[in-house]
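Structure first, then comments.
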Amino acid sequence: MGDQQCQERSYLSLKIYPPHSFSQKALIDTQQKYKALYKESIDNPELFWGKVAQEIDWFKPWEKTSNGELIHPQWFCGGSLNVSYNCLDRHLKGNRKSKRALVWEGENGESLTYSYEELTKEVCITANVLKKHGVGKSDTVVIYMPLIPQAIITMLACARIGAIHNVVFAGFSSKSLLERILDSGARLIVTADGGFRRGKIIPLKTRVDEAASLSNQIKKVLVFKRTGSAVQMIEGRDYWMEKERAGVEEFCDPAVLDSEQPLFILYTSGTTGKPKGIVHSSGGYLVQTAFSTKMIFDLKEEDLYWCTADIGWITGHSYVVYGPLANGASIFIYEGAPDFPSFDRFWQLIEKYKITIFYTSPTAIRAFIKWGLQWIANHDLSSLRLLGSVGEPINPEVWMWFYRHVGKEKCPIVDTWWQTETGSILISPLPGATPMKPGSATFPFFGISPEVVDEQGNPLPPGRNGFLVIKGPWPSMFRGIYKDENNYKKIYFSRIPGVYFTGDGAYKDEEGYFWITGRIDDVINVSGHRIGSAEVENALVSHPAVAEAAVVGIPDPYKGEALIAFITLKEGYLASTELVQVLKDHVVKEIGSLARPQEIRFLDTLPKTRSGKIVRRLLKEVSLQGRITGDTTTLEDSQFIDKIGKI
Ligand code: PRX
């Protein structure tokens, strides 16, 4: 066993208690209190969530806490509210009018601060512009923007008028953008002329033009100015936001919306070749994101909270925008990458703005480790009091580095497990109460009953790896896959009836700590981003040279997992390093740079079952070990094993 492995093993038995100084001031300060409240939440979920829901403002109180259903759940039935009102207006009544709501720094060093009063005004103006352009309740609006305040303002503006936002990550290609526009039925897109990334300009408006040219569904494009780069504006379709906002009212009444009114659709990768439009509600979603933010990040009035996620992902929705703003917190956002113009960009920002809570991903931390301690050493990070991790399993060693070198052993780390579908964090430590084990997401959040089960749904004893499932509904659970009822039921509720199937593997240890081991389906987690094998395979097969493709994920020291593509070529094409480059570029053009395969390997045949399904498992084994150990009796071409052994 290597030194590193030895060390990893020794970390596994480590237990780190929350620092006393932290617990003293924490909302939940002992494990006993957590356990008591957890029991209450499980014994009587209706009563528990009913109490929690009183922390947000309702225009009309709900009549029934929930319909009790796991499939198509409804929460706070009959109640009406407005999510933007809860994130903005209600704070103006108290003493948060001039409190910082949003602090932003651009990659080029520009900076902006909005108080709650200013943010409310901007949201109202944008909402009125949307209305002026015909957007109404339940219309879908695509948001394709860099991480600038206007992106968040537009999300909240949609929420204000009951429009459903569909945020598309700015790293996605025009094709991926088009796919999401078409599926969600959006007729209006809000974008920017571009965004800055590592000194370059991401041509967002140009990509919108490309997408729009392939469909006549898109009737209007509203454009914020960010980079000042020249863009084409089509008369009658494209409008500059700066011009549009002039002359609209500065206040917009928040729409009174049913608790179950969809707040947003967010596309995420699954096992099919097509991304799934995950639909979230208003009431249940807001109640649980607000409550979990308050408890898991132990929010205090003076905090400046930085979650480094982009708004294109669920973390950006729940823990950049809705959860923190519903609590009246001050949030910080940064437009750029952590390594530009230098490797200490994040530490500069923490020092400059005196960030107190820093929530990021294992991939980012692994990059910090690679760049070296010298980048961190000269920065004063003493403002930090709490750290968080999300998106992928965090290796114990990486956890320890984060704890020691960023948190200086005085900040608890909340390793938060959840998914786009769950809406909010389901498994996590409570920072003032939970003894932490590096690499474990620890215990379930209030109201959540996870279990590790076998293929038949039987609970497994400690230490045995199985499927992670969740028993019973929770308020922020997704309400469906947009226009895809079949897959909604099939993917999440069929394999093991009566529970929500997460698609993750996990085990519980003797003390009940949950350890997430990663996806058990054909979803690959690259740098915390979910990528479906089938999506990348479809992209590869759309190239004229490719006959068949199979994509697998293998462990990567920096990205968590890396994509390896195996392909067979059509007649007349020859394998070459040039073709490898061409195919990688092709995937980037089809999906976006996050799906670029790390390696492309050519084969003359792919391993298939007798029914014609490609056996990715074997390819993964080959990539990992250079040999095959699994069951191969159902393979169609037994010679394949000999062939693949030689590549
Ligand atoms: O495999 C799990 C992993 O990320 C998946 C969910 O991805 P997504 O819907 O994009 O949401 C990411 C942000 C919540 C999960 O199925 N995952 C997320 N958080 C963790 C994690 N794996 C281990 N530990 C975590 N803390």
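The values are calculated or read from the model by the stated rules, or taken from the named source; none is laboratory data. Quick caveat: nothing in here was measured; it's all calculated off a predicted structure. Don't worry about glycine lacking a Cβ; one is built from the backbone with ideal geometry, like all the others, and counts go over all protein chains shown. Protein only, heavy atoms only, side chains kept; ligands, DNA and RNA dropped before computing areas. Shrake-Rupley method; radii C 1.70, N 1.55, O 1.52, S 1.80 Å.
List of remarks:
- Prolate/oblate/rounded label for segment 115-171 (Cα gyration tensor, a/c 1.5): oblate
- Other residues within the sphere of radius under 15 Å centred on the Cβ of S342, judged by their own Cβ, net out at -1 (K and R +1, D and E -1).
- F467 contributes about 30 Å² of solvent-accessible surface, heavy atoms of the protein only, 1.4 Å probe.
- Peptides 74-83, 508-517 ordered by average Cβ neighbours within 10 Å, highest first: 74-83, 508-517
- In segment 358-441, the trypsin sites (Lys or Arg not before Pro) that fall in loop regions by DSSP, at most 15 other Cβ within 10 Å: K408, K410
- Only protein atoms count toward the accessible area here, which uses a 1.4 Å probe; on segment 471-601, the carbon and sulfur part of that area reaches 52 percent.
- Packing-based order for 582-595, 312-325, using average beta carbon neighbours within 10 Å, highest first: 312-325, 582-595
- Packing-based order for 378-384, 103-109, using average beta carbon neighbours within 10 Å, highest first: 103-109, 378-384
- Comparing Cα centroids, segment 427-501 and segment 585-609 end up 31 angstrom apart.
- Computed over segment 67-169: relative contact order in percent, which uses C-alpha pairs under 8 Å that are six or more apart: 25
- Cα centroid separation, segment 217-239 to segment 34-91 (Å): 40
- Accessible surface comparison of L460, L214, probe 1.4 Å, protein chains only, largest first: the order is L214, L460.
- Each helix, a run of at least 4 DSSP H residues, gives -39500 (n - 2.57); summed and divided by the residues of the chain, these come to -8500 deg cm²/dmol at 222 nm.
- Rel. contact order, % - alpha carbon contacts under 8 angstrom, at least six apart, the chain: 14
- Over 50 Å [Cα-Cα, the chain], rounded percent: 8
- Cross-link pairs exceeding 21 Å between alpha carbons, from the set K584/K613; K584/K608; K200/K225; K64/K93; K274/K490; K437/K508: K584/K613; K584/K608; K64/K93.
- Note: relative contact order over segment 129-255, using C-alpha pairs below 8 Å and six or more positions apart, is 25 percent.
- Gyration tensor (alpha-carbon) shape descriptor, segment 57-190, a/c threshold 1.5: oblate
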